[in-house]
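J.: Sharing a structure here in structure tokens format.
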């Protein structure tokens, strides 16, 4: 169930192209399982994933100083509780990332592939939103890149920390699908409870999702034939095209 989050930016053009770069084994897994894998947020390489910027952190202490002494201990407990939530929060959110661009990205090819034996799935933003098969709420939107030393993000929205990244990641032009599975019990949030292991496998309507498949630059001819054979084996008819980065200059 796709839900638009008020802080999650949406593209002006819902038909904007989005890309997912992957190696051959992940592609075969996708064909076989018909599922996209959503890693848990705390499994990402970025140590800032799901965290708050410095102004948000220092703002808590500054706010505490404005509270009269008799009430300060109660407020301090509340802020400590907020810190405890923030520290554990990434464990309960799963994320699947895409790249928004009108064209292929040389940077993304290099970032996500360890060899020439890989592909890029090209879809559209609207198709991505429509193709996810998940009964619980999920959120799709564009990540905003900010300066974590200077910028402040709305602290009163539970998903806020996952809608932003540091400016170092601007080149990713990231679109992400976000799913929350909070450890809710009758007694409140239980940080000892695990709601997922390494992430979630989520069903996806592949014919609706995939517009065409690009073969990685420099891929050998046999790999192109293999890709077509795999697609045929799973009874799909996706358009397979060579990366335009392989085109020869005319000079």
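The values are calculated or read from the model by the stated rules, or taken from the named source; none is laboratory data. In this text, all values refer to a predicted model and were calculated from it rather than measured experimentally. Here Cβ is always computed from backbone atoms with ideal geometry, including for glycine, and neighbour counts include all displayed protein chains.
J.: Any idea which of (1) closer than 14 Å to residue 93 by Cα; (2) touching a helix residue (DSSP H, G or I) at 6+ places or on another chain (Cβ under 8 Å); (3) without any contact (Cβ under 8 Å) to a residue 60 or more places away in the chain is the one residue 184 doesn't satisfy?
T.: The number of the failed condition is (2).
J.: For region 229-251, enumerate the residues that are assigned to a loop (DSSP other than H, G, I, E, B) and surrounded by 13 or more Cβ atoms within 10 Å (Cβ to Cβ).
T.: Of everything in region 229-251, those that are assigned to a loop (DSSP other than H, G, I, E, B) and surrounded by 13 or more Cβ atoms within 10 Å (Cβ to Cβ) turn out to be 234, 236, 238, 243.
J.: Tell me yes or no: at least one residue of region 181-201 is farther than 30 Å from residue 51 by Cα, in contact with a strand residue (DSSP E or B) (Cβ under 8 Å, 6 or more places away or on another chain) and in a loop (DSSP other than H, G, I, E, B).
T.: Among the residues of region 181-201, not one is farther than 30 Å from residue 51 by Cα, in contact with a strand residue (DSSP E or B) (Cβ under 8 Å, 6 or more places away or on another chain) and in a loop (DSSP other than H, G, I, E, B), which makes the answer no.
J.: Under 7 Å between Cβ atoms, at least 6 apart or on separate chains: pull out the pairs that start in region 142-165 with a residue that is at positive phi and end on any residue that is assigned to a helix (DSSP H, G or I) and surrounded by 20 or more Cβ atoms within 10 Å (Cβ to Cβ).
T.: none
J.: Related question: Filter region 1-54 down to residues that are more than 16 Å from the chain's Cα centre (by Cα), in a strand (DSSP E or B) and under 22 Å from residue 159 (Cβ atoms), then give me how many there are.
T.: 0
J.: Hey, could you check region 110-134 for residues that are at pLDDT below 95 and assigned to a helix (DSSP H, G or I) and say which is surrounded by the most Cβ atoms within 10 Å (Cβ to Cβ)?
T.: So, considering only residues that are at pLDDT below 95 and assigned to a helix (DSSP H, G or I), the one surrounded by the most Cβ atoms within 10 Å (Cβ to Cβ) is 112.
J.: Out of 54, 79, 74, 85, report the one residue that is modelled with pLDDT under 95, on the phi < 0 side of the Ramachandran plot and touching a helix residue (DSSP H, G or I) at 6+ places or on another chain (Cβ under 9 Å).
T.: Being modelled with pLDDT under 95, on the phi < 0 side of the Ramachandran plot and touching a helix residue (DSSP H, G or I) at 6+ places or on another chain (Cβ under 9 Å) holds for just one of 54, 79, 74, 85, which is 79.
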